[in-house]
Every structure is written in C-alpha cells, then in structure tokens.
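S.K.: Quick one: this structure, given as structure tokens, is what I'll be asking you about.
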Amino acid sequence: MKEKCIAVILMICMCVTGCGLGTLKKDSEEKETSFSNIYELDDEQVYVWKDKGYGDITKDLAKDKAGRDAFFKAPLGTISFAGKEEENDTQIPRIVWFEEDGDKHIPTVTDKDAILFLSKDTVPEEIVFERFADNGYSIGVAGMQADKGGHFYIPYTELGEDTYRYHIDPQSDAAALMAFEGIDRLFLDKVGEERVTEDNVSDGGVVEGLNKRKAYGCQFYTGTYYQDYQLSANVRTFTSMERFVSFDYEFLHANCIRLQIPEYFKSGYYLVLGKGLIRYVSSEDEGVYNGQATDDAIDWNDPIILYDESGICIYDPSSGIGMDEEMTEDSDEGVEDEEITDEVITDKKIAGGKTTAYQGIMEAGENSGRKNWKIFGKPLSFTPSNPIYVLKDKEIWK
C-alpha cells in the first residue's frame, strides 16, 4: 500500500511539473545571469556583450579580469518544445513562458552590442533566429483556438493523449488544469468579468489586457460542465512568430564567436540558436526605449515577413523574396501628392490587416474588380503625421 501511494504521488508530480514528458524545459533560477569574465561563461550557450561606452569588445575578451559585468546570459524560460529548439516544427505551438519577474533577465541588444556563442566542439552551420511575439502578462494558458462559434479552447487530448502540455505553463498556477481526464477540449469562457473573444485574444492564443500579478476568476468548461479556477496573470508569454536563418558570424580570437545581427531586424524578441531569448532594440527605437523589461511605446511584434491575402509569402529578406521590388521602390522619385481617400485606406486594411498600412504597389486583379497588393518594404503604422506613399494605377496618395 505504501509503495502504491508513492507511485501515485510521483505521477501527480510528473503532471504538474512536466517532468518526464520531454516537452518542457526551464532555466534554473539560482544560476548567475551576468558575468565580468569571459572564462566564466558556460559552453553551448548564448550571451550578450553589452557595450558600456568602451566601444571595443576585444578589451573584455583579451584577459582574465574582474569588475563590471559585461556578459549577460540569454535565458530560455519554460518552453513547450524541448528537444526541438532549432527545428522548424509548426505542428505544435512554440511557446516561451517567464514566470513572475523572470523576464527581467532577458538581455537587451542594440547594434552597439554583440551576441556571442560558445562551443568547444562545433561552429553552427546556420544561425537560427526565431522571433517570438510578446503577448504581455497573462494566465499560464496559450495557443488557444476558436471554434466556428467564436468560443476559445485549448486542444486537450483531441490531437494526442497529452496535447494540453503544449498549452499550459507547468510552472504557473495554471498547472492545476492538467488534472482533467477524458476531455477533447478545454474551453475558457470568461476571465474576470470579461468574456473571452477574438477582441481580447492575441494571434498567439493568449488572453490580453490583464493586469500583472492580479488574480482572476476563470470560467473553464469540460464539455458543458463549468470548472472555476482562480489564476494569476503573472506569466509573461511569448509565441513563435517568424523564423530567420543567417550564416554570418565572426571569429574573435577568443573562446566564442560573434553572431552578426541581420540588418533587416526590427525591435522584438528573438530566440537565438534555440539557446536563449534576447530583446533586440533597433537603432530607430533606441532613442525611445525606456530600458525596462516592458515598453509599450515600441511595437515589438511588427512583422518582417509579409504575406498576401491568400497566405503566400511576398516579402522575406532572409530568403530574398521581394527584395527586387524593394530596390525598385528606393529608385522611385519625383511623384506628386494627392489627398487620401476612403478607398485607399480600405485597400490598405485589406493588405495589412486591421491596423497596419504598408508601402507597396497595388495592381488590379486580372479577372476581378478586387485589388491585389504586391507589397515591399516594412510595415508602418498609418497616422496623419506618418504619411505612406502608395502607387495605384499610376496615381500617388500621401
């Protein structure tokens, strides 16, 4: 009887912590995250060297020294894709969770800094930068989907016996949701007083607009039976957004290499080589960045890769798609300004979604009256003070 009780306890621990599932991984919170000496850095890890006004990384690499911290480890957090960190696997939701204030350890990178990688054995043939969308602080549930009636749920066992483990942060209080049996879907109807709809769920399937650390009464449903839980919005959630492959690095005559930051990068969060997450601040945003773990003044999720309304990729600088059109745009000069019309704004919304406008060429469809966009250049927020030039049937709007 005693042995049976121990076995049951072990099974419960495996469900709550994710141990043994092979899908979840968490950095140790007790390890140091910043260092002054290059020889203190761990092998097979990514670090950020912060320029503190010296402007020369070789001074921090050249000797065994102590003093100010110059090297900062890129943490991994809790992930839903352990063992597949560098794979381009879209069959499972790729989610990174940071509980409580774990996100404060994510190092910020600017063009003045450097991303370093250490390995005694190998030099990476390709450098994978996976960009993750910042969903802010929420409860520890992500990757929700909507049924045809607009009700949101996580696949629980309908795609596999423990599909839920890809959607629930086992290090948060939401781990209690892992105890259900015999259900295909776990629906979430309300958080606090707000019903869960497409208006407050991000593209990554995360409930938005919650206050950090606040506890919310959450109404879940297993079948038609309600299940009430009190969950805290103390989890910073990141969901996979874009993936880029680079081949540029530099030997530094030290025990690390410098990974070059692609020039087309925008401000955002990037998982480097599947090892750790960094916060990149572009030169355009460096002047407004507040230096904190969160900054609502910067759009961290502004897409780089663009798609048309059919889902076909039309711009991806890492693979060269759409680059010829971008060069053509740079050469266009001497056009006259016209007044913005409702038709132009509507067409921009068709091309860029609800709130985003794009620079681009708009061409008439061959067999329909609809307008097809051929987009190049980066997405821009459309405001009267931020004019966008759009070429339509040889006419220009500003």
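The values are calculated or read from the model by the stated rules, or taken from the named source; none is laboratory data. Model, not experiment: these values are computed from the prediction. Here the Cβ positions follow ideal geometry from the backbone for every residue, glycine too, while neighbour counts run over all protein chains shown. Ligands, DNA and RNA are excluded from the accessible area calculation, which covers all protein heavy atoms including side chains. Shrake-Rupley method; radii C 1.70, N 1.55, O 1.52, S 1.80 Å.
S.K.: Quick one: if the Förster radius is 35 Å, what FRET efficiency do Ala179 and Thr294 give, using the C-beta to C-beta distance and rounding to 0.05?
M.R.: Here the calculated transfer efficiency is 0.65.
S.K.: Among the listed pairs Lys31/Lys73; Lys104/Lys190; Lys59/Lys104, which are separated by more than 22 Å between their Cα atoms?
M.R.: Lys104/Lys190; Lys59/Lys104
S.K.: Sorted by average packing, counted as other Cβ atoms within 10 angstrom per residue and highest first, what order do 158-167, 111-120, 308-317, 265-274 take?
M.R.: 265-274, 111-120, 158-167, 308-317
S.K.: How large is the charge dipole for the range 112-262, taken about the Cα centre, if only the Cβ atoms of Lys, Arg (+1) and Asp, Glu (-1) carry charge, to the nearest 20 debye?
M.R.: 460 debye
S.K.: Treat every Asp and Glu Cβ in the range 220-288 as -1 and every Lys and Arg Cβ as +1, leave all other atoms uncharged, and give the resulting dipole magnitude about the Cα centre to the nearest 20 debye.
M.R.: Computed charge dipole of the range 220-288: roughly 260 debye.
S.K.: Can you give the accessible area of Thr294, probe radius 1.4 Å, in Å² rounded to 10?
M.R.: Accessible surface of Thr294 is approximately 60 Å².
S.K.: First obtain the Kirkwood hydrodynamic radius of the range 180-290 from its Cα pairs, then insert it into the Stokes-Einstein equation at 4 °C and 1.567 mPa s, and state the resulting D in µm² per second as a whole number.
M.R.: 72 µm²/s
S.K.: Just the number: Rg to Rh for the range 175-221, Cα atoms, Kirkwood Rh, two decimals.
M.R.: With Rg and the Kirkwood Rh in hand, the quotient comes to 0.98.
S.K.: Note down the magnitude of the dipole of the range 60-198 about its Cα centre, charges +1 on Lys and Arg C-beta and -1 on Asp and Glu C-beta and zero elsewhere, to the nearest 20 debye.
M.R.: Computed about the Cα centre, the dipole is about 360 debye.
S.K.: Could you tell me the largest-minus-smallest coordinate of the C-alpha atoms of the range 214-277 on each of the three principal axes, in descending order and whole angstroms?
M.R.: In descending order, the Cα extents are 61, 22, 20 Å.
S.K.: Give me the net charge for the shell around Lys112: Cβ to Cβ below 15 angstrom, other residues only, Lys and Arg +1, Asp and Glu -1.
M.R.: Once all neighbours under 15 Å are counted, the net charge is -4.
S.K.: Mind ordering 188-196, 92-100 by average Cβ neighbours within 10 Å, highest first?
M.R.: 92-100, 188-196
S.K.: Same structure again: Quick one: which residues, 5 or more positions from Thr222 or on another chain, have an amide H under 5 Å from its amide H? H modelled 1.01 Å from N in the peptide plane, none for Pro or chain starts.
M.R.: Amide H to amide H, under 5 Å and 5 or more residues apart or across chains, Thr222 pairs with Gln227.
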